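The values are calculated or read from the model by the stated rules, or taken from the named source; none is laboratory data. From a predicted model like this one, the values you see are computed outputs, not experimental measurements. FYI the Cβ positions are ideal-geometry reconstructions off the backbone, even for glycines, and counts take in every protein chain you see. Heavy atoms of the whole protein, side chains included, go into the accessibility calculation; ligands, DNA and RNA do not. Shrake-Rupley method; radii C 1.70, N 1.55, O 1.52, S 1.80 Å.
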Amino acid sequence: MTGLRIVFMGTPEFACPTLQRLIDRGENVIAVVTQPDRPKGRGQRPEPPPVKTVAERHGIPVFQPVKVRTPESIDHIQELAPDLVVVVAFGQILPQRLLDIPRFGCINVHASLLPRYRGAAPLNWCLINGETETGVTTMQMDAGLDTGDMLLMKRTPIGPDEDARSLHDRMSLLGAEALTETLDLLVAGNLQPAKQNDAETCYAPLLKKETGEIDWSRKPVEIKNLVRGVTPWPGAYTWLNGLFLKVFKVRTAEGAGEPGVVLAAGRDGIEVACNSGSVIIEEVQLEGKKRLPAREFLAGYALQPGLRLGKDIT
């Protein structure tokens, strides 16, 4: 326990382990700032962000500004008089006036090994780009986009078949560890901030639905990495006889044919040709149907070799 007055800013599931770790350590979390409730599901009922749920469970006051950069929002945070602001996947860029409020500044837990993968979706893009290692970096925030001084880094290997969901869950726990170690160094006066090398950075933009479209002219490993990187959201997809087909898991193979053409369909899955090889689709969900292993899907759908997958192809 550090004895610091801490304001925690975060929104999604990824931020919850860090908040919970602060609570479990007995830290003085005086408030949680998170995004407003959003409508979800078929009924479009407002649902609270995961971080809000954790905060309310422990009786921590919650503040949900539409925009944190408004004078009213900044004044509210200033009135809380925090010693430190901890930021984990909050979802809005903080203005300099807010960054200047706490005496120890704002510390961010970022889901990449900075300066690589600055931006909104670092975890996904490291998978899409075929990285074999990633990690989390705690950073002293400045007004730029993930450009502040690095404080502490924790690395982890990426499994060859790991997707964004499993990596997300591991990284969220790693982020909690990194933040608590950073706090201990802070209060001990042993933090050693390091400047980022801007020449080594790359941008990890927010994912869009179209990010998940499979381009069959890509190489097998590139298609596999895309599927891994966008599962579970926004999801990889293609079209089968004009119907939307979600793809959840593939493995690489060495078949040959015109990109997008089904080479085989059986117990082993659906083999589709691509550039310099093929991939075998192992799990799918056809528009309006349930998610199934490929062999079960094929038991109810007569998919013949020679058919080509893709948009506007019937």
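Whole-Hz ³J(HN,Hα) for each residue in segment 16-29, computed from phi via Karplus 6.51 cos²θ - 1.76 cosθ + 1.60 with θ = phi - 60°, x for glycine and proline: what do you get?
5, x, 5, 4, 4, 5, 4, 5, 5, 6, x, 5, 8, 7
Any idea of the accessible area per residue across the chain, 1.4 Å probe, to the nearest Å²?
The answer is 48 Å² per residue.
5 Å is the cut-off here: which amide hydrogens, built 1.01 Å from N in the peptide plane, fall below it relative to Asn241, excluding neighbours closer than 5 in sequence?
When sequence neighbours closer than 5 places are left aside, the close amide H contacts are Gly310.
Rounded to whole Å and sorted largest first, what semi-axes of the equivalent ellipsoid does the C-alpha gyration tensor of the chain yield via the square root of 5 times each eigenvalue?
So the equivalent ellipsoid measures 43, 21, 16 Å along its semi-axes.
What's the ranking of 177-189, 134-146 by average number of surrounding C-beta atoms within 10 Å, highest first?
Ranking the peptides 177-189, 134-146 by packing returns 134-146, 177-189.
Can you give the helix-only mean residue ellipticity at 222 nm for the chain, where every DSSP H stretch with n ≥ 4 adds -39500 (n - 2.57) and the sum goes over all residues, rounded to the nearest 500 deg cm²/dmol?
-7500 deg cm²/dmol
Past 32 Å, Cα to Cα: identify those pairs from Lys40/Lys246; Lys40/Lys249; Lys195/Lys219, in the order given.
Over 32 Å apart, Cα to Cα: Lys195/Lys219.
If you roll a 1.4 angstrom probe over the protein chains with everything in place, what fraction of the accessible area of segment 71-180 belongs to carbon and sulfur, to the nearest %?
Carbon-and-sulfur percentage of accessible area, whole number: 52.
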